[in-house]
Each structure stands twice: as structure tokens, then as C-alpha cells.
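Single-structure report; data block below.
The values are calculated or read from the model by the stated rules, or taken from the named source; none is laboratory data. This one's a predicted model, so the numbers in the text were calculated from it and none came from an experiment. Here Cβ is always computed from backbone atoms with ideal geometry, including for glycine, and neighbour counts include all displayed protein chains. Quick note on the areas: whole protein, heavy atoms, side chains included, nothing else; ligands and nucleic acids left out. Shrake-Rupley method; radii C 1.70, N 1.55, O 1.52, S 1.80 Å.
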Amino acid sequence: MPIAIWSPAYITGDATVDAQHQKLFQLVNELHHGIVSGHGKDVMGPVLRGLASYTIEHFATEERLMATASYPNLPRHKAKHDGLTKQVKDLLREFEAGNLALPSTLSKFLADWLTHHIREEDMELIHWLQAQKK
Ligand SMILES: [Fe+2]
């Protein structure tokens, strides 16, 4: 059962951003599947690392869009990205050090974070960018 369910409500209208968001949903669902299946570190390590690096790559894509267009809310939006990046990096470090078992609340947290962030900050950003082109 996936934890992050894609819906048209998450379409921002930027094809690159939307494709990356869908990939993030897929990665969160893979993580969730791994957690509920009780997979060990050998499986979950690469899943978690893959999710962390794709998240960072995706945030960089959005931050480039914001910087290029001199988006006024860049600092606030980037602060949200930086907050999650730090949490994910800390988690990965703990996990790799063997100090952490991955709870199923983690994938739920990530799915919630992602859907809220898309509905709020990302929608606002892409709508603003589109309004600049008119
Ligand atoms: Fe974002």
C-alpha cells in the first residue's frame, strides 16, 4: 500500500518540477514499502541514500528556478528545503552508524511534508513564475 498517493491536485504546471515530484512520491513509497516489509540495512541503506540525493537534486532545481527569476520568497522557500535536507542528512548519518531503526512514521512524515510543501510553497512559486511570463 503506497503512503504517498499522487493526485492532479499536486500538478504545479512546470513539467520538470512535476516529473521530479512524481519521482519523489515513488521514492517515498519505496522507502515505505521497505520499512513495512522489515527490510534490513543492506536494502534500506541504498533506498534512503537514493531518496536523500534525489531530494537534494530536486531542491537544487527549484532553487535555480527561483534564483534565475529573482523570486522574492526565495529565502523562505529555501529555508524549508534546508530544514528537510538537514533532517534527512541527520537521519541518514544515524542510520548508517547503526543507531537507528527506520520507523514507519518516517515515510508518513515524508509523504506529509512533500504533499504540504507542494500544495503550499511549490504551487506559490510556479504560479508566480507563470504570472511573470504573461
Ligand atoms: Fe520546493
> Computed over the Cα atoms, what is the radius of gyration of region 13-134 divided by 2.2 N^0.38 Å, N being its residue count?
Replying inline: 1.14
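With the full set of protein chains in place, find how many percent of the accessible area of the chain is carbon and sulfur; take the probe as 1.4 Å. Show your work: numbers first, answer last.
Details: 4220 of 7340 Å².
Roughly 57 percent, rounded to a whole number.
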>> Taking 0.36 nm per residue of sequence separation and subtracting the Cα-Cα distance, how much length would be gained by fully extending the chain between Ser7 and Ser53, in nm to one decimal?
In response: 14.2 nm
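Considering only protein heavy atoms, what per residue accessible area in square angstrom results for the chain with a 1.4 angstrom probe? If you can, show how the numbers build up before the last one.
Numbers: 7340 Å² over 134 residues.
That works out to 55 Å² for each residue.
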>> If the only charges are +1 at each Lys and Arg Cβ and -1 at each Asp and Glu Cβ, what is the size of the charge dipole of the chain around the Cα centre, to the nearest 20 debye?
In response: 140 debye
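Which peptide among 87-97, 17-27 comes first, and what is the full order, when sorted by highest mean count of other Cβ atoms within 10 Å? Kindly include the intermediate steps, with their values, before the conclusion.
On the way: 87-97: 13.8, 17-27: 17.7.
Highest mean packing first, the order is 17-27, 87-97.
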> Can you give me the pair-distance distribution of region 39-81, C-alpha pairs, 10 Å bins, whole percents?
Replying inline: 27, 36, 21, 14, 3
>> Using each residue's phi in region 33-45, evaluate 6.51 cos²θ - 1.76 cosθ + 1.60 at θ = phi - 60° and report the 3J(HN,Hα) Karplus result to the nearest Hz, with x for Gly and Pro.
In response: 4, x, 5, 6, 7, x, 5, x, 4, 4, 8, 6, x
>> Can you tally the net charge around Glu30? Count Lys and Arg as +1, Asp and Glu as -1, for every other residue whose Cβ sits under 14 Å from the Cβ of Glu30.
In response: +2
> Counting each DSSP H run of 4 or more residues in the chain as -39500 (n - 2.57), what helix-only mean residue ellipticity at 222 nm follows after dividing by all residues, to the nearest 500 deg cm²/dmol?
Replying inline: -25000 deg cm²/dmol
> In whole Å and largest first, what semi-axes does the C-alpha gyration tensor of region 84-134 yield when each eigenvalue is scaled by 5 and square-rooted?
Replying inline: 33, 12, 5
